[in-house]
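To start, the structure under review is shown below, and the notes come after it.
No lab work stands behind these numbers, since they all come straight from the coordinates. Quick caveat: nothing in here was measured; it's all calculated off a predicted structure.
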Amino acid sequence: MRFLTLILMLLVSACATGPRFSYSAPSTTESKIYLYRTYRFAGSAASPNIYLDGQLVGKLPAGGYVLMPVTPGGHEVTIGRLGRDKPNWSPKNVIFQLQVAPESEYFLRMVTDLSGVFPIVIPVAPVPIIMSVGTAEIKILPQLKEIALPELQKTKLGSPTTVENGSESN
């Protein structure tokens, strides 16, 4: 029973915990890029770093979003790989480039394709061990505002991350 409680606590802690999504139109001085991830149990423990033009802007947990105010021009949104401790996560950074127009908004959805990941059950008493092999593929897909807003209504702000003295913290 304690094991089950621990697992549930870990799963809940992996979800977005910031304020709920609240929409506001872009201002006349800047545009907005929303990157979001709907909640899905599979892969929910991972919260990859999000970069805008090479600068760390936050983490994107399951059921979360990151808002990036930007100036018009070319921008690059990157979902960072998680490193050696998460071998089933995307083996490379996922990069999405876009040209931003003045006073506009862009909705990008992170999608996890688990078709390359397979569960393995190791029957060990008293509780079997469940592992997975393979690699999930991560994608960034542009979404229409009409599709993105209802999905964003179910999300919370991802954890902002600061970079101090060359080390990441949140």
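Between amide H atoms placed 1.01 Å from N, distances below 5 Å from GLU103 occur with GLU30, SER31, all of them 5 or more places distant or on a separate chain. Distances between placed amide hydrogens fall under 5 Å for TYR39 paired with GLY63, all partners being 5 or more residues away or on another chain. Applied to region 113-119, the Karplus parametrisation 6.51 cos²θ - 1.76 cosθ + 1.60 on θ = phi - 60° returns per-residue 3J(HN,Hα) values of 9, 9, 5, x, 10, 10, x Hz, with x for Gly and Pro.
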